[in-house]
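In what follows, a structure is listed as structure tokens, so that the remarks can point back to it.
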Amino acid sequence: MARLTVSSPASSANVGPGFDSFGIALNHPRDSIDVEVEAGSGRVEVEVSGRSEYAVPTNPEANSGGLVAKTILNRVGGGLDVRITVTKRIRPGCGLGSSGATAAGVAFALNRLLGLGLSPGELVLLAAEGERAAAGSPHPDNVAASLLGGFTMIVSHDPIRVYKITPPRSLRICVVYPLVNVERKTEKMRSVIPTRVDLRDALWNIWHAAAVAAGFALGDVELLGSGMDDAIVEKARSSLIPCYSEVKRRALHAGAKGVAVSGAGPAMMAFVKAGDMEPQGVLREMLDAYTDAGVAANGFVTEPGEGCLVTLNDD
């Protein structure tokens with residue numbers, strides 16, 4: 001039997017205008033994913049522990065990590081069983097890449113355990129297959145960030161081309177999310193995305209996505225924050241995000257450099273430059289927006305994080 005335990009980070013996708021392309025890994029929370037491989041008949045088992053309210057499916061076909069394991073076993077042939085134990089610390093369904101973290105952790109672990117020698121791009125594609133369990137289709141933005149860490153950009157799907165940029169050391173991230181359950185959230189959030197867009201909105205997004213990418217590349221928090229506006233996807237989804245306008249207004253008034261919905265939401269994140277503004281003050285203003293509206297919410301301050309990391313290896 002071979003075993004590997006991996007720490008896999010939460011992530012925030014889109015970062016404003018970078019729909020299905022941009023992602024950023026968060027330093028915390030992180031899931032712990034234990035993967036065991038032994039001779040067998042191709043069976044995949046999934047167990048989930050952690051927060052009791054996090055109802056995560058254990059059917060391998062409905063779990064993003066289980067689906068990744070089955071995909072990999074189909075590629076390498078039979079003769080192996082895989083057992084996955086996920087200690088869930090990333091709240092599912094709130095836009096922090098919970099399913100992506102599980103998928104990324106399993107892909108990372110099996111690549112090591114089976115000696116597959118996959119490139120970062122190949123790993124991203126495999127992990128993205130796991131997102132079919134949560135979203136109905138593969139999408140690589142969250143898994144790329146969880147696998148590689150830092151700020152990631154998907155610039156091509158076929159062939160896969162993914163790039164990582166190390167974020168500015170001064171970047172702090174305030175994350176808030178209302179304690180609401182949205183049934184079939186991903187499906188609902190994708191259903192409101194327009195299929196045709198105005199040329200002016202497309203140009204707006206191109207300009208702002210360029211500012212985000214350039215800001216990360218140059219280490220300029222103010223520049224990247226100035227680009228965190230989306231005239232297409234976030235605009236369409238904003239009415240479905242509780243307290244969206246007020247959370248954004250208060251964060252910017254408190255000194256945030258930019259604010260965006262995290263992935264498909266309902267979480268929102270604000271970028272703060274350490275030294276210019278106290279992140280906890282921005283976080284309090286964002287949480288107060290929910291309190292004043294009578295909406296229960298949680299939040300935390302974090303920073304960009306590393307990708308998947310090995311925490312235990314037993315052969």
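The values are calculated or read from the model by the stated rules, or taken from the named source; none is laboratory data. In this text the structure is predicted, and so the values were computed from the model without any measurement. Positions of Cβ are backbone-derived with ideal geometry, glycine not excepted, and every protein chain shown enters the neighbour counts.
Just so you know, in the range 53-89 the residues that are outside any helix (DSSP H, G or I) and among the hydrophobic types (A, V, I, L, M, F, W, C) include one that is modelled with the lowest pLDDT, and it is ALA55. Of all residues in the range 202-230, those that are within 11 Å of GLY16 (Cα to Cα) and of a type in the set (Asp, Glu) have Cβ atoms under 6 Å from Cβ atoms of residues that are at pLDDT 95 or above and crowded, with 18+ Cβ neighbours inside 10 Å, 6 or more apart or on another chain, in ASP229/GLY16; ASP229/HIS208; ASP230/GLY16; ASP230/PRO17. Residues that are among the β-branched types (Val, Ile, Thr) and either under 13 Å from the mean Cα position of the chain (by Cα) or assigned by TED's automatic domain parsing to the domain that holds ASP230 (or both) were ranked within the range 6-32; the one that is nearest to VAL48 (Cα to Cα) is ILE24.
Of the strands (runs of 3 or more DSSP E) lying entirely inside the range 202-315, those containing at least 3 residues that are modelled with pLDDT of 95 or more and in contact with a helix residue (DSSP H, G or I) (Cβ under 6 Å, 6 or more places away or on another chain) are 258-261, 268-273, 297-302. Taken together, the residues in the range 163-179 that are touching a Ser or Thr at 6+ places or on another chain (Cβ under 7 Å) and closer than 14 Å to ASN27 by Cβ amount to 2.
In the range 137-150, the condition of being more than 13 Å from SER11 (Cβ to Cβ) and modelled with pLDDT under 95 is met by at least one residue. Considering (1) touching a Lys or Arg at 6+ places or on another chain (Cβ under 6 Å); (2) modelled with pLDDT of 95 or more, the lone condition that GLY50 does not fulfil carries the number (2). Beta carbons closer than 8 Å, at least 6 apart along the sequence or on distinct chains, pair a first residue in the range 136-147 that is in the same structural domain as ALA107 (by TED's automatic domain parsing) and farther than 10 Å from GLY307 by Cβ with a second that is surrounded by fewer than 24 Cβ atoms within 10 Å (Cβ to Cβ) and among the polar types (S, T, N, Q) for GLY136/THR186; ASP141/SER21.
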